[in-house]
Amino acid sequence: MSTLMQPPPRPTPRFTVSAGLSIVQSMPRVLGLAKSSSSAPSLAPSRSVHERWLLLLFVLSLALLNPWVRGDGVGYYAFARAPLIEHSFDFGRDYLSANTSFREARLDELGQPKPLYRTRTGHLENHFTVGPAMLWTPFLLLAHGGVLLARALGSQIAADGFSQPYRIAMACGTAFWGFLGLLLAFRVARQYAGDLWAFLATLAIWWASSLPVYMYFNPSWSHAHSALVVALFLWYWHETREQRTLRQWCILALISGLMLNVYYTNAMLLMVLAVEGVREYAAAFRDPARRGARLGQLLARHALFVVVVFLCLLPTFITRYIIYGNPLESGYISIQDWSWRSPFFLAVLFSSEHGLFSWTPILLLAAAGLVLLQWREPRVGTPLLAAALAFYIFIACYPDWAGISSYGNRFFVSLTPLFILGLSVLLERVATLFRSQRAATASAAFVLALFVLWNGAFMFQWGEHLIPPRGPISWSTMIHNQFAVVPRQFAVHLRNYFFHRRELMRQIEDRDIEQMKGQSEY
């Protein structure tokens, strides 16, 4: 692996707790909610004790950041680095400096792009979305300014976008946005289950799902960013759902555009608005006296929404046009070649090849909670459940539904805020079966801790390649490793992760290449 992409031994990012809370605290004012006439509960209450605990845990978790650029992350990061440093969309240096498996698939022995990866416009193929680069930009600009200042003072650190300050800035940005998504999800969930259960659900989904892999270990991928933008979209929709002004429709469209720039599949979350719209149009038709006025108002607002979303997607359209010569070319498998007639409904959920529930079983409880929410609060639960089902069906029809190299089904990290909401509602309901709050809390905390420990050991196996990161795994081998191998190796590898990370990452990359060669030969 190129030394340009090697991670430092350990990052030392800093984060101010009060500053982080202040960002979320000021969002209602920034987004036009401080004086909203909406009857929705306010999402800007005083800072709770639980939020402070979440912030503290986040700050401590920054020690886990692994600022490397690898795999899909090379493509995502290239959209930020190349314009900043090269002032172009020439990704040659990005691909040349990538990890071995990514580089060898795209470049020949002389470092030249293989014909398959050269587009008709002469650019290197890069089908990854531009949204993560947009969210990294503030962090990378700070890093670039700091590097230029240091060089002016005599430092030799490279201002190339690959050196340590840039990678740490990228990783910190990913972690920050991922945590902001968790905090927004917590603020919605506590309105339906209370602070305690929303807090426990947030902790559990944070550490017992696929999110930690893409928030800390592979921060150059897009999934933590996707969790953020979905949380922001749902939070804002929820805050304005009763009565939305034209300004709020524009802001919701801006958020929706960002959500789609980050991850195309997030378009399925717009099902929330579709269900909401069906209700509103049905209500308008049932009101003969004001039917024309109400329909005209609805059509105007929805048309405004579509126009603003289209304008917000210009970064995607422009980059697709530059790279592919067609603003509508995604670079992914053509949608007509998807498995529309034979979706992978069961495999997506239960396969040993990154099944959603088989790899991250806590999400089964969260899904049950979403059904419970739909039954208990249909006006909120029905749109959310419809969006989750639309997302699931969409992924089930995707030929690469398993995510190729993926911990769990990484696509569903986008639904993190829905899982937090669902799990919190389920916990609150189960708590009513106990005689005391203390017993319910202790029992829930114990069970959720088991899920977290199980997931931590499973992530360790995946990261250390004790199980193959691609393709199906052997459940018997995995379970044996959970109890017999992981306890013996965990402490040593954790120490290496903190103090000898460069060598550990090199070993992981070497094992990955060996397994890929073995699978190709087989």
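Observations
- Complete set of residues in segment 359-386 that are assigned to a helix (DSSP H, G or I) and under 16 Å from the mean Cα position of the chain (by Cα): L363
- Qualifying residue in segment 447-470 (condition: among the basic types (K, R) and over 30 Å from L373 (Cα atoms)): yes
- The set of residues from segment 388-419 being touching a Phe, Trp or Tyr at 6+ places or on another chain (Cβ under 7 Å), over 10 Å from F344 (Cα atoms) and among the aliphatic types (A, V, I, L, M) comprises V413, L415.
One line per residue, one yes/no per condition, for (1) under 28 Å from L269 (Cα atoms); (2) at pLDDT 95 or above:
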site: I404; (1), (2): yes, no
site: L426; (1), (2): yes, yes
site: R435; (1), (2): no, no
site: S443; (1), (2): no, yes
site: E464; (1), (2): no, no
site: P468; (1), (2): no, no
site: F483; (1), (2): no, yes
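- Qualifying positions in segment 295-338 - acidic (D, E) and either in a loop (DSSP other than H, G, I, E, B) or surrounded by 15 or more Cβ atoms within 10 Å (Cβ to Cβ) (or both): E329
- Of the residues T441, T416, the single one that is touching a residue at least 12 places away in the same chain (Cβ under 8 Å), within 16 Å of the chain's Cα centre (by Cα) and under 18 Å from I205 (Cα atoms) is T416.
- Restricting attention to segment 463-517 and to residues that are among the charged types (D, E, K, R) and touching a residue at least 60 places away in the same chain (Cβ under 8 Å), the residue that is surrounded by the fewest Cβ atoms within 10 Å (Cβ to Cβ) turns out to be R506.
- Residue list for segment 266-307, restricted to those being of a type in the set (V, I, T) and out of contact with any helix residue (DSSP H, G or I) (no Cβ under 6 Å at 6 or more places or on another chain): V278, V306, V307
- Unmet criterion (only one of (1) farther than 20 Å from R190 by Cβ; (2) in a helix (DSSP H, G or I)) for L426: (1)
- Just so you know, in segment 361-381 the residues that are of a type in the set (V, I, T) and surrounded by 18 or more Cβ atoms within 10 Å (Cβ to Cβ) include one that is nearest to F451 (Cα to Cα), and it is I362.
The values are calculated or read from the model by the stated rules, or taken from the named source; none is laboratory data. Since we're looking at a predicted model, the values are computed, not measured. Positions of Cβ are generated from backbone atoms using ideal geometry, with glycine treated the same way; all protein chains shown enter the neighbour counts.
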